[in-house]
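Just below is one structure, and these are the notes that go with it.
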Amino acid sequence: MRSNPSDYEMFAPGSLRAVVTLLANEPGQWLPIAGGTDVMVQYAAGKLAARKLVSIWNLPELRRIEITDSEIRLGAGCTYSDLRKHGTVEREFLLVHRAACWTGGIANQNRGTIGGNIVNASPAADSLPALLAYDAELILVSVRGERRVPYERFHTGYKKTLLAPDELLQAICLPRRFSEYFSYARKVGARTAQAISKVCIAALGRLADGVIQDVRISLGSVAPVPIRLMETERAVNGRTIDPDLLLLAKKVAAAEIRPIDDIRSTAQYRAAVAGNLVAEFLNRLSSSSVESERIGVLARWNRSSIEEATAALFPCCGSKAWARGMAARRPFANDAELLRASDETWWSLTRSDWIEGFNSHPRIGESRPVTSSSTQSLAAQSVEWSAEEQRNVADAGTDFEAVLADANREYEKRFKRIFIVCATGKSAAEILRILQGRLKNDDDAELQEAAEQQRQIAQIRLRKWLQDEVKQ
Ligand SMILES: Cc1cc2nc3c(=O)[nH]c(=O)nc-3n(C[C@H](O)[C@H](O)[C@H](O)COP(=O)(O)OP(=O)(O)OC[C@H]3O[C@@H](n4cnc5c(N)ncnc54)[C@H](O)[C@@H]3O)c2cc1C
């Protein structure tokens, strides 16, 4: 039956205080409406029981994202687009970011809110498994004040919640302790966008020496409420990932879920898919452990002080302006972003910054840098990398050293700075040929060439830095 608009009343008091006062004065009479993407579907279908709607759309108190050292607090009125665009959400809460990206289409993401997804309480809602995986807590607010409840207790049954008739969901708090976990999320539906999930999964995992330290696996659409697979988690924690473990995980997961047949799928299909998703998560966790550890290195570096972050990168390129510039551009989400920023920062520097970078290297054929670094340990790291990079030159013998020394002297006389070449993988003869060729350059062209060589060296060293940190 179609709804008649004149049967409905809509009020927009404009502040959180005024809304909770209205809810307290007439408990159960007013239905909050945020983006309206669920409410209006019910309205259009003639299934909306409430006749009085109170708008909470765009209330500033519900639209904030606050970050403290220990948690991020997402206002319940944040839209999926707000979440998609937020750097910290993307970097540290990838599961929330992914769910925001595949909820509905763009129009729906501009309007639908995370609070609406939670309170609407569909077992198929896409953002809910992520909240379980991250140990989210909810802040509920009324005229009586605020209360904080663990999200895992919020859904008390199919479409039932802990929310009292006079309460609003104010914010969702996610602890910032999972940024170093491997994240895995998938939605299985008729399509990724504009389709309700048949099964969705959000999982986090951490390995050490190939052994599972901790996994957190949550599923949607396989029970009356989104669930965490605690039995499955217990069965795999502390184990190494091999084909036997995958079989066991599938079996335990299948016993833990309670899927049903409905218009979108069958219980049997959902059980099979859920088991496969759990196995795929564990497989990916095992193969991407190195990548996730590298992201962990970056996450730690992102959080370190500006001095520590500058010092850590200094051996990769001995220009202080470059190292400081990189530290100031943090945070970086992954290796690719870091490497891209290195190039951009390097090309933005002055001639004297470049020359400072060149002088932090030893001459080709020598082992000590032209200028010594103020910090011994950093100098030691740079010297060690230079030795690796110049291995072929060192192996070429003393006669060759003498030829190179003459060529270096000629270069320095001509350009008044040391010769820089990215020596990795090049033979001694090749390096000599390059040096002799570059003696023909004019000063500007040669400066650009040397800067390009230093850019390449920084790229190689940044990759080594990430790898070496993982090994430590
Ligand atoms: C075309 C389309 C595609 C969609 N695709 C997806 C999808 O892919 N995945 C998915 O999970 N969902 C999807 N949805 C459902 C919907 O968009 C989401 O559930 C959305 O998050 C709802 O948010 P809203 O702000 O629009 O909620 P509303 O419709 O405004 O409210 C929903 C319910 O939550 C209550 N509520 C809202 N905010 C609060 C609050 N702060 N405190 C207390 N109660 C509150 C309302 O009273 C109501 O009961 C889709 C909907 C449409 C129309």
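Laboratory data are not the source of any read-out in this text; all were calculated from the coordinates shown. Computed from a predicted structure; not experimentally measured. A quick note on method: Cβ atoms are made from the backbone with ideal geometry, for glycine too, and the neighbour counts reach across all protein chains shown.
Here are the numbers:
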| quantity | calculated |
| --- | --- |
| Table column - 3J(HN,Hα) (Hz), the range 346-357, Karplus curve with 6.51, -1.76, 1.60, x for Gly and Pro | 4, 6, 8, 7, 8, 4, 5, 5, 4, 5, 4, x |
| For the range 1-86: rounded, prolate or oblate by the Cα gyration tensor [a/c cutoff 1.5] | oblate |
| Between helix 376-389 and the chain: long-axis angle, C-alpha atoms, 0 to 90°, nearest 10 | 70 degrees |
| With 10 Å bins from 0: P(r) over the range 294-424, alpha-carbon pairs, percent | 12, 37, 33, 13, 4 |
| Only Lys, Arg (+1) and Asp, Glu (-1) charged, at Cβ; the range 174-244 dipole about Cα centre in debye | 440 debye |
| Separation of the ARG147 and ASN392 label points, Cα + 7 Å toward Cβ, nm | 7.1 nm |
| Around ALA121: net Lys/Arg minus Asp/Glu count, Cβ-Cβ under 9 Å | +2 |
| 5 angstrom amide H check on GLU71, placed H, neighbours 5+ away | ARG176 |
| Cross-link table LYS413/LYS440; LYS85/LYS320; LYS198/LYS250; LYS52/LYS159; LYS320/LYS440, entries beyond 25 Å C-alpha to C-alpha | LYS85/LYS320; LYS320/LYS440 |
| Neighbour net charge for ARG270 - beta-carbon separation under 12 angstrom, K R +1, D E -1 | +1 |
| Per-residue ³J(HN,Hα) for the range 318-323, Karplus 6.51 cos²θ - 1.76 cosθ + 1.60, θ = phi - 60°, Hz, x for Gly and Pro | x, 8, 5, 4, 5, 5 |
| Stokes-Einstein translational diffusion, the range 231-358 - Kirkwood Rh over all Cα pairs, 0.692 mPa s, 37 °C, in µm²/s | 180 µm²/s |
| Between helix 289-303 and the chain: long-axis angle, C-alpha atoms, 0 to 90°, nearest 10 | 90 degrees |
| Anisotropy class of the range 148-307 from Cα gyration tensor, a/c 1.5 cut | oblate |
| Estimated FRET transfer efficiency when R0 is 22 angstrom, pair ASP406-ARG368 (beta carbons, to 0.05) | 0.70 |
| Solution diffusion estimate, µm²/s, Stokes-Einstein, the chain, Kirkwood Rh from C-alpha pairs, 20 °C, viscosity 1.002 mPa s | 83 µm²/s |
| Rounded tilt (10° steps) of 443-471 against the dominant C-alpha axis of the chain | 60 degrees |
| Label-point separation, TYR8 to THR266 (7 Å along Cα→Cβ), nm | 3.8 nm |
| 222 nm mean residue ellipticity, helices alone, for the chain (DSSP H n ≥ 4; -39,500 (n - 2.57); rounded to 500) | -14500 deg cm²/dmol |
| ³J(HN,Hα), Karplus 6.51/-1.76/1.60, whole Hz, each residue of the range 89-101, x for Gly, Pro | 4, 5, 6, 9, 10, 4, 5, 5, 4, 4, 4, 5, 6 |
| Cut-off under 5 Å, modelled amide H: who pairs with THR161 long-range | THR156 |
| Computed FRET value (nearest 0.05) for GLU452 with ARG73, which takes r as the C-beta separation and R₀ as 51 Å | 0.65 |
| Check: the chain dipole with +1 on Lys, Arg Cβ and -1 on Asp, Glu Cβ, in debye | 1440 debye |
| Length added when fully stretched, ALA107-LYS413, from 0.36 nm per residue minus Cα-Cα | 103.7 nm |
